[in-house]
Amino acid sequence: MSVNSQQALFEYALRLGDNALILGHRLSEWTANGPILEEDIALTNIALDLVGQSRMLLSYAGEIEGKGRTEDDLAYYRQSAEFRNALLTETDNGDFAQTIARQLFYSVFADQLLQGLQKSTDATFAGYAAKAIKENAYHLRHAAEWTLRLGDGTDESKRRMQEGVDKLWMFTGDLFATTEADMQLVSAGIVPDVSTFREAWLKRVSDVLTEATLTVPESNWFQSGSRNGIHTEALSYLLGEMQSLARAYPGANW
């Protein structure tokens with residue numbers, strides 16, 4: 001594999017790992033704060049699934065890079081501009097409805113991505129996808145069921161669910177961003193072309209929102225930049241909290 005291809009593979013593994021790590025951390029913020037005990041446990045379990053995925057992916061990214069960086073190094077000792085997670089994953093939790101909207105948008109995308117990665121010529125990506133797609137099936141079902149329950153519930157739950165959908169819609173376009181390096185991996189059969197997912201993603205999300213008696217946003221303007229390390233202010237605050245212990249006691253084991 002050429003140096004450029006190696007760098008492209010590293011960046012892609014990093015993006016997958018960062019998506020799982022950052023969204024997992026966001027969901028972990030609901031621990032002991034869920035609206036009901038069952039949801040407290042459910043959101044925590046989803047967070048654990050994602051953090052587990054991130055560990056494998058960031059470890060693999062470190063191996064590809066070949067500079068001796070571990071999963072912990074990549075998680076705790078990078079600045080926000082070095083992260084490659086999709087903007088959607090770093091958005092604030094907001095209320096429960098907003099968290100559900102974010103999870104619906106991301107899980108539908110992840111289902112498409114993981115289906116493609118199962119066919120990867122890279123054994124690590126294919127193995128990751130085979131395991132993660134089963135976990136994501138639950139994440140997606142959970143988000144879709146709550147979208148229906150909130151959207152077709154009381155006037156208050158419907159209002160909150162619609163507000164969550166509307167607020168986060170502008171971050172969904174970034175999920176489908178690609179780079180020239182990505183297209184090298186697509187050509188090699190290593191990863192799917194996520195830019196082709198948009199139409200199918202929109203249909204599946206729209207079907208859920210329509211069934212939930214919610215309105216699909218019409219805006220075609222989307223935030224972007226994560227592929228170049230350009231993030232929202234929310235990521236800096238998240239990393240400040242997530243990395244504080246490791247930075248205060250570098251190299252500590254517990």
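Quick one: plug the Kirkwood hydrodynamic radius of the stretch 14-160 (C-alpha pairs) into Stokes-Einstein at 10 °C, 1.306 mPa s, and report D in µm²/s.
On the way: Rh = 16.0 Å.
My calculation gives 99 µm²/s for D.
Can you tell me how much longer the chain between Tyr249 and Ala188 gets when fully stretched, taken as 0.36 nm per residue apart minus their C-alpha distance, in nm with one decimal? Mind showing how you got there, number by number?
Values: separation 61, 0.36 × 61 = 21.96 nm, distance 4.18 nm.
Full extension from Tyr249 to Ala188 adds 17.8 nm.
Of the GluC sites (Glu not before Pro) found in the stretch 190-247, the ones in coil according to DSSP and having at most 13 other Cβ atoms within 10 Å of their Cβ are Glu218.
Taking 51 Å as R0, compute the FRET efficiency from the Cβ-Cβ separation of Glu211 and Asn4 and round it to 0.05.
The calculated FRET efficiency here is 0.65.
Given +1 at the Cβ of Lys and Arg, -1 at the Cβ of Asp and Glu and no other charges, the dipole of the stretch 3-248 around its Cα centre is 380 debye to the nearest 20. With each label modelled as a point 7 angstrom along the Cα→C-beta vector, the Thr44-Asp155 pair spans 3.6 nm. Using Cβ point charges alone (K and R +1, D and E -1), the dipole size of the stretch 1-144 about the Cα centre works out to roughly 420 debye. Let me test this: with uniform point scatterers at the alpha carbons of the chain, what is the Debye-based log₁₀ I(q)/I(0) at q = 0.08, 0.14, 0.15 1/Å? The Cα Debye sum returns log10 ratios of -0.30, -0.94, -1.08.
About its Cα centre, what dipole magnitude does the stretch 48-119 give when the only charges are +1 on Lys and Arg Cβ and -1 on Asp and Glu Cβ, stated in debye to the nearest 20?
Values: 7 positive and 11 negative charges, 44 e Å.
Value, rounded to 20: 220 debye.
Distance check, please: which entries in Lys67/Lys134; Lys67/Lys167; Lys167/Lys203; Lys131/Lys203 exceed 28 angstrom between their Cα atoms?
Checking Cα-Cα distances, Lys67/Lys134; Lys67/Lys167 exceed 28 Å.
Bear in mind these aren't lab numbers, they're just calculated from the coordinates by the rules spelled out. All values reported here derive from a predicted model rather than from experimental measurement. With ideal geometry, Cβ positions are generated from the backbone for all residues, glycine too; neighbour counts draw on all protein chains shown.
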